[in-house]
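Here is the structure we will look at, set down as structure tokens.
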Amino acid sequence: MSAQFDVAVLGCGYMGSALARTFAGRGANVTVWNRTPERAQALTASGCSAVAAVQEAVRRARIVVICLSTYESVEVVLGGAGTLAGRVVVNVTTGSPDQARPMRDRVAEQGGGYLDAVIVGYPEQVGRDDFLLLVSGHEPEWETARPALALLGGISRHVSESPEGANVLEAATVGAFHMTILAAFAEAARYAKSQGISPKEFLPLAVRVASVFEFQQEEIVQRLADEDFTTDQATLATYEKAARTFQHALSSSGTRAPLFDAAVAEFGRGVAQGRGEDAVWTLAADRGGA
Ligand SMILES: NC(=O)c1ccc[n+]([C@@H]2O[C@H](COP(=O)([O-])OP(=O)(O)OC[C@H]3O[C@@H](n4cnc5c(N)ncnc54)[C@H](OP(=O)(O)O)[C@@H]3O)[C@@H](O)[C@H]2O)c1
């Protein structure tokens, strides 16, 4: 394979190891480095070369994938990386949008190109059709890294020229949406359990209720785009009344349900603002202020 498949993976935690194994399994020339050397060493069984110095990993690579816990740890590791000239750094470490641009500038100071990327999925999905990588940064860097990233399977998609684009998408979808759903699921399952309902009974029904996002997807997108919140189905006021009834059910069972309490308050806020006759999606139309 050509130099564009010379890949370094800095960080061999659960995700970094899955990335390194997949690159190597698909023919890339992979050098791995990890702060705790044993985790890099373990990847030699999958065809990777482990090195003790970050600088050596970077020296051998054209594409440098960084997968560490935080951007602060990326800063530390880049401090020992030496020159990045001729390399494209693909930073898949989870970070906030405002961390992306300074990191791009930092990498540029060391001579390297920079892509900020987000992995939407678990390590076991790397290499599979359902793997999703969202990438932001300049098009030429994306074109350089694209063939190597394609080895990871699924979809690697360039989402934005500005470095923070992928992190914004992640904060919205994985953060505010998915993580709240996970916590809401825990809350709901606790209540169901307290009432003697088994997870087997509860989960399929909960998934069915949440499928509104699937079957109404196009309509929701259109409504939000047009800011058209008229409805002949269910108004926000109807939601709010029902929510208060459910809130009573949860609280009288003794179930701690702070997320649901917050949802009830959100509905109430919308009604107090005079949006009671709108569809519930009206709540997505403001910035959440009082
Ligand atoms: N796991 C997932 O499902 C998933 C999904 C999407 C995105 N991500 C993101 O991928 C990144 C890595 O996650 P992970 O699951 O692989 O975590 P992990 O298994 O805990 O690995 C963390 C990695 O960061 C390294 N590290 C931490 N602090 C460091 C420092 N100060 N200097 C040098 N190295 C340091 C660790 O090195 P040591 O081995 O020496 O501790 C290890 O390689 C995170 O940003 C995470 O949010 C993970």
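The values are calculated or read from the model by the stated rules, or taken from the named source; none is laboratory data. If you're wondering where the values come from, they're calculated on a predicted model, not measured in any experiment. Here the Cβ is made from the backbone with ideal geometry for all residues, glycine too, and neighbour counts use every protein chain on show. Side chains are part of the model used for accessible areas, which takes the heavy atoms of the whole protein and leaves out ligands, DNA and RNA. Shrake-Rupley method; radii C 1.70, N 1.55, O 1.52, S 1.80 Å.
Residues that are within 12 Å of the ligand (Cβ to nearest atom) and outside any helix (DSSP H, G or I): does region 13-32 have at least one? Show your work before the answer.
Within region 13-32, the first condition is being within 12 Å of the ligand (Cβ to nearest atom), and the residues that meet it are 13-20, 32.
Add one more test, that the residue is outside any helix (DSSP H, G or I), and what stays is 13, 32.
The answer is yes, given that some residue of region 13-32 is within 12 Å of the ligand (Cβ to nearest atom) and outside any helix (DSSP H, G or I).
Can you tell me which residues in region 4-25 are polar (S, T, N, Q) and more than 12 Å from Val65 (Cβ to Cβ)?
Going through region 4-25, the residues polar (S, T, N, Q) turn out to be 4, 17, 22.
Listed by number, the list holds a single entry, Gln4.
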*Which is of a type in the set (S, T, N, Q) and surrounded by 12 or more Cβ atoms within 10 Å (Cβ to Cβ), of Gln217, Gln247?*
Gln247
*Pull up region 222-237, narrow it to residues that are open to solvent by less than 80 Å² (accessible area, probe 1.4 Å) and not small (Gly, Ala, Ser), then point me to the one that is farthest from Arg190 (Cα to Cα).*
Asp228
*Given (1) closer than 17 Å to Val159 by Cα; (2) out of contact with any strand residue (DSSP E or B) (no Cβ under 9 Å at 6 or more places or on another chain); (3) within 13 Å of the ligand (Cβ to nearest atom), number of the condition Gly95 does not satisfy*: (2)
*Could you say whether any residue in region 66-87 is polar (S, T, N, Q), more than 25 Å from Glu143 (Cβ to Cβ), in contact with a helix residue (DSSP H, G or I) (Cβ under 8 Å, 6 or more places away or on another chain) and surrounded by fewer than 21 Cβ atoms within 10 Å (Cβ to Cβ)?*
no
*Does region 250-261 hold any residues that are in a helix (DSSP H, G or I) and surrounded by 12 or more Cβ atoms within 10 Å (Cβ to Cβ), and which are they?*
Leu250, Ser251, Leu259, Phe260, Asp261
*Scan region 120-160 for residues that are among the β-branched types (Val, Ile, Thr), open to solvent by 20 Å² or more (accessible area, probe 1.4 Å) and either within 11 Å of the ligand (Cβ to nearest atom) or touching a helix residue (DSSP H, G or I) at 6+ places or on another chain (Cβ under 8 Å) (or both) and jot them down.*
Val120, Thr144, Val159
*Identify, from the list Ala150, Ala108, the residue that is closer than 20 Å to Met15 by Cα and free of Cβ contacts under 8 Å to residues at least 24 places away in the same chain.*
Ala150
